[in-house]
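Please read through the structure below; I'll follow up with questions.
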There are 4 protein chains.
Amino acid sequence: MLPDIQLLKPDVPIELSKVGVTGIRKLVQVSRKDKRPVILIATFEAFVNLPSHLKGVSLSRNFEVIDEVIESLTAQPIENIEDLVIKIAEILLERHEYATRAEVSMVADFIMRKKTPKSGQKTQEVVKIFSDAIASIDGKKIVFVGAEVSGITVCPCAQELVKSKAIEKLMEMGYSEKEISKIISAVPIASHNQRGRAKIKIQVRDDFRVSITKLIEIAKSAMSFETFEILKRDDELDIVEKAHCNPMFVEDSVRKMALELIKAYPHAPNDILVFLRQENEESIHQHNVIAEKIATIGELKAEINL
Amino acid sequence: MLPDIQLLKPDVPIELSKVGVTGIRKLVQVSRKDKRPVILIATFEAFVNLPSHLKGVSLSRNFEVIDEVIESLTAQPIENIEDLVIKIAEILLERHEYATRAEVSMVADFIMRKKTPKSGQKTQEVVKIFSDAIASIDGKKIVFVGAEVSGITVCPCAQELVKSKAIEKLMEMGYSEKEISKIISAVPIASHNQRGRAKIKIQVRDDFRVSITKLIEIAKSAMSFETFEILKRDDELDIVEKAHCNPMFVEDSVRKMALELIKAYPHAPNDILVFLRQENEESIHQHNVIAEKIATIGELKAEINL
Amino acid sequence: MLPDIQLLKPDVPIELSKVGVTGIRKLVQVSRKDKRPVILIATFEAFVNLPSHLKGVSLSRNFEVIDEVIESLTAQPIENIEDLVIKIAEILLERHEYATRAEVSMVADFIMRKKTPKSGQKTQEVVKIFSDAIASIDGKKIVFVGAEVSGITVCPCAQELVKSKAIEKLMEMGYSEKEISKIISAVPIASHNQRGRAKIKIQVRDDFRVSITKLIEIAKSAMSFETFEILKRDDELDIVEKAHCNPMFVEDSVRKMALELIKAYPHAPNDILVFLRQENEESIHQHNVIAEKIATIGELKAEINL
Amino acid sequence: MLPDIQLLKPDVPIELSKVGVTGIRKLVQVSRKDKRPVILIATFEAFVNLPSHLKGVSLSRNFEVIDEVIESLTAQPIENIEDLVIKIAEILLERHEYATRAEVSMVADFIMRKKTPKSGQKTQEVVKIFSDAIASIDGKKIVFVGAEVSGITVCPCAQELVKSKAIEKLMEMGYSEKEISKIISAVPIASHNQRGRAKIKIQVRDDFRVSITKLIEIAKSAMSFETFEILKRDDELDIVEKAHCNPMFVEDSVRKMALELIKAYPHAPNDILVFLRQENEESIHQHNVIAEKIATIGELKAEINL
């Protein structure tokens, strides 16, 4: 029989917080009502903790479990990504009898079909979706799902500066305040704008589930406008105009996501955790700007005071 | 005067956990005794929290502060990276009178000079060094420094499997156990081996400082052997032999770092936090394997029982 | 009517070699005999040249064409990726009546199912496949297909150095040359080994087609052994032993690909272009090593002299 | 003596186009008149060709040469990066007596100091600079230097669409053509804008040298405006206004670079090769758009007809 060095006692007997793998890639099919399943190329991470008296976790067992679960579950389309991730974590715990905690996460690019706003051209959009689960030996589990989408964000500050100076010039040219107000409303005012990425991650439980499609919608609503791969000229005009009527700081984006989330899930339990993040690839800088909010649903509700 | 839209009240009045920037790159010079300063191209992140009654943090103030501090501190070489990072966090707090918490981190590639083990060829090695600081309005601060180094790791499990089968073959060939033991010690046994990355991050305080050079040494000691950019044939032989006499799982690497850290800093306070991580780019897989340990010095000491 | 600024005369009247897009991502289904189609998430680039008298190519037309072709072709599974890429290039040329050349490329991760060598565990492997096409107004086209696969490579040089020293030691221990030869053949000798990537790109034409599956096989054969995501202990032993019996420099890998390609396609026309490349992520260095061969089939045949 | 397996005859006797390394990182100091030297962390690639009768190029010699040349040249600051790259290529050829061609390239991030346009704040900017050299055994060499800079680009097409509709609205509001023209000139018109990257690469020879600082200037002039890491509000206003008065397609950027290059080097030999490229990270799309021009100086002059 082959020796199993991984069961030996280690030289330095400390427990390890996490032992596992990153970068496991698999095909995953998610079923949809009355439609062909969604195909995802997902990337998984999986970890267990390792007590101090074992030299090495038998790492290959992690992979077997991941593969077995995914192979068996993907023989037919799965219902949703969070159940897949929980299932993997639970079976990892069962198979690693010495472990008291298992962590699993997956992330995938999801290609959505959509239409342009004016000309109605069919096109596709890439959205990142993900789910994380931690399962404990005592049966507790913490599970998150989420999405990250791209969009255009227009800076309100620069637009206000440009507008303010334009108003001054129009006043010097002799226009009245009332006229200026009408002119300004007719001419979309320049600002800097850029690619943004809105990210929502929210806890799910047996008593609280969310729709990833809904999360994607909320994330999109948090930027000045959506982006598209095809744009006819009337689409392009429409997007630029609408985005400039809806300028947003990174802070505004995060606050908008908080608000829309509370509106979409008014009955969400107060202790559900939420993570919101907006990142803008500033067109006037080499660096990016970021805003984040980490809170429970209860805290969000109290702050927003709906 | 130009309007300051960032002082307006936001539509959704929630506090933001973090508002700030990523990807700020600067030249930093770190002074050394009796030597030319070390030159780093560092990348900074900087964040403050933002109360619910302000629309947008005046983001440009973050940059001014970062730039002013770095400009003024790098006019002459700095003492160490943690003091730089703390200083930036503290001044960010001072300048953002509404903020109660500031977070700053920097990471840089550090090019070290070294010599090959046998032929003594001069060469250079790239090591990642970093520091993070969180400063609060009440004067508390939490600061970490760390390093991440590359090395070669040899798998003990595969080596044991290969050895076990070789012993069987030698027994079939009629050699005695004693002879086989001598033969095996003369012939370095094959295994799979790969690039590894060892990472140490440790808390520092007014009453506890560490040397980054020491952290780099400890991280290097946690893999089967160091790597080099130039290797003469006798160096290459030396490295392969020594690495194969020192096979290590990712778990072993993390445990070795824990042990060496305790030995190097026997008087470190018990509540100092430590984060250790080993990642191996497995040569027999497309995925990586990882082990992590997060603990206080006190917990490490209790477990290791030195 | 909306103005079309893209048809204006530019200020600096020079022809542009390439105008187009990168990073267009689409779902592509490739049909297989008696099996479910392969699902790919492909990334496309598409360019045309632009004469000096036009200000801007009407870029949105590129996207429409790409989308239309892909939408219509992927309503049902496609036959192969090269025909898709050629078709896009040809239609781009038709739609951009001023352009005389169109270039299109696609690359995708292809998830293959396979079994481990000993225990026969089912697992999946990620392989990169790609195709490029250039179409000219005069009807000429140049088309390539290719694949890039991962594997393990064992260094022959370090192994020879280790072996040579082991032989010396065994001689000092009193073993005869004949005995040493038998011992050495029973004990797999250590070397350094690492992740490698073998890449083949070959021209295809109406009179010469290749199978991407065959290219993947050839690329795999050019490294010391394949890699797998799941490995039982007897698989791991098998891989390490076999890889160490088949040590290969980057140069050997490229030469092996050349040989296997000629053997697989003995009737390939002499003017077919071939690009071969091996990259090893050296486990004893921070840098990578590379070998490349660019030649026609005729040149390869003449050199190899089969 | 240690065996040298790299001098053996290979099994498949074909010449290799390129054998070498990527990812060699070194500190490089470039001297400047009356100033402290510029510090670069440079990444090198180095290749030679390998004839069919040698099994493996003695790869370690590449590294020795690279290291020796850089160690000796960087003991004191170098004059310029192209001479460094040529020198490495020439010495590689000398040391690899069987090789007939050597290729070397380096790329580095260069941190430039600059001031904001209005408030004059000191800040830093990261610019990529690079040089490539191919040296042949017959003494011929081909050498390039270049730079890639970031900037903001405003889309002329979207701006024209927005303006056109604004004019229509103003006409409906009863303003005369003359008034509208004055209003429009007072109000910067919205468009989409984004991060762009302009890249210039140009051949240098004994009879023709360029200044990298000049190339950086030309590349910057090819976008709607520069970007800055610090911006006071009056700087931000200035940049947004100026960028919107200077909208540019990717095609315009490439043509502007061509023009400025010809103006800056009116006496450049006609056979000097030039490579120009503009890439915009479109804020209304997930993909990027690109324009490229590859030509000789003579061709550029003929087309531009200055």
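Since every read-out is calculated from the coordinates, none of them should be taken as a lab result. Please read these numbers as outputs of a predicted model, since none were measured by experiment. Counting neighbours? That spans all protein chains shown, and the Cβs are built from the backbone with ideal geometry, glycine included.
Could you list B:Ser221, A:Ser185 in order of exposure, starting from the residue whose Cβ has the fewest other Cβ atoms within 10 Å?
Ranking B:Ser221, A:Ser185 by Cβ neighbours within 10 Å, fewest first, gives A:Ser185, B:Ser221.
Let me ask another. Using Cα springs under 10 Å in a Gaussian network model of chain C, which residue among C:Val143, C:Val154, C:Val21 shows the largest mean-square fluctuation?
C:Val21
Taking only the alpha carbons of chain D, what extent do you get along each of the three principal axes, in Å, biggest first?
95, 41, 40
Just to confirm the number: angle between the C-alpha axis of helix C:250-264 and the first principal axis of chain C, 0 to 90 degrees, nearest 10?
Long axis of C:250-264 versus the principal axis of chain C: about 70 degrees.
If you don't mind, another one. How large is the charge dipole for the stretch D:245-301, taken about the Cα centre, if only the Cβ atoms of Lys, Arg (+1) and Asp, Glu (-1) carry charge, to the nearest 20 debye?
Once rounded to the nearest 20, the dipole reads 260 debye.
A further question follows. Treating only the Cβ of Lys, Arg, Asp and Glu as charged (+1, +1, -1, -1), what charge dipole size does chain C show about its Cα centre? Round to the nearest 20 debye.
About 720 debye.
How far apart are the C:Asn305 label points across copies, placing each 7 Å from Cα toward Cβ, in nm, shortest first?
5.8, 7.0, 9.1
Please order C:Arg25, C:Arg205 by the number of other Cβ within 10 Å, starting at the fewest.
With the sparsest Cβ surroundings first, the list reads C:Arg205, C:Arg25.
In nm, what does the list of distances from A:Pro269 to its counterparts in the other copies look like, shortest first, when each label sits 7 Å along Cα to Cβ?
In ascending order, 3.8, 6.9, 7.7 nm.
Residues of the stretch A:151-166 with amide nitrogen under 19 Å from the 7 Å Cα-to-Cβ point of A:Cys245?
Backbone N within reach: A:152-157, A:159-160, A:163.
Here's something else I'd like to know. Taking every residue in C:140-150, how many Cβ atoms of other protein chains lie within 10 Å of its Cβ, on average?
Whole-number average of other-chain Cβ neighbours for C:140-150 is 0.
Still on this structure: Where the eigenvalues come from the Cα gyration tensor of the protein assembly as shown, what are the semi-axes √(5λ) of the equivalent ellipsoid, largest first, in whole Å?
For the protein assembly as shown, the ellipsoid semi-axes come out as 49, 38, 33 Å.
Next up: Take A:His53, D:His192, A:His285 and order them by how many other Cβ atoms sit within 10 Å, fewest up front.
A:His53, A:His285, D:His192
Quick one: putting +1 on the C-beta of Lys and Arg, -1 on the C-beta of Asp and Glu, what dipole do you get for the protein assembly as shown around its Cα centre, in Debye to the nearest 20?
Charge dipole of the protein assembly as shown: 0 debye, to the nearest 20.
State, to one decimal in nm and shortest first, how far the label point of A:Glu179 sits from each corresponding label point in the other identical copies (label point: 7 angstrom along Cα-to-Cβ).
0.6, 11.1, 11.1
If you keep only loop residues by DSSP, which trypsin sites (Lys or Arg not before Pro) in the stretch A:79-151 have at most 14 other Cβ atoms within 10 Å of their Cβ?
A:Lys140
With unit charges on the beta carbons (Lys and Arg positive, Asp and Glu negative) and the dipole taken about the Cα centre of the stretch B:176-281, which residue among B:Ile200, B:Ala219, B:Ile239 sits farthest to the positive side?
B:Ile200
Compare the Cα positions of C:Ile152, C:Pro10, C:Val254 along the charge dipole of chain C (+1 at Cβ of Lys, Arg; -1 at Cβ of Asp, Glu; about the Cα centre) and return the one farthest towards the positive end.
C:Ile152
Provide the packing ranking of D:226-236, C:9-19, i.e. peptides ordered by the mean count of other C-beta atoms within 10 Å per residue, highest first.
Order by mean packing, descending: D:226-236, C:9-19.
Could you identify the residue of C sitting closest to the C-D rotation axis by Cβ and state that distance rounded to whole angstrom?
C:Ile294, 10
Still on this structure, please answer the following. Calculate for chain C the 222 nm mean residue ellipticity that helices alone would give, adding -39,500 (n - 2.57) per DSSP H run of length 4 or more and normalising by residue count, nearest 500 deg cm²/dmol.
-10500 deg cm²/dmol
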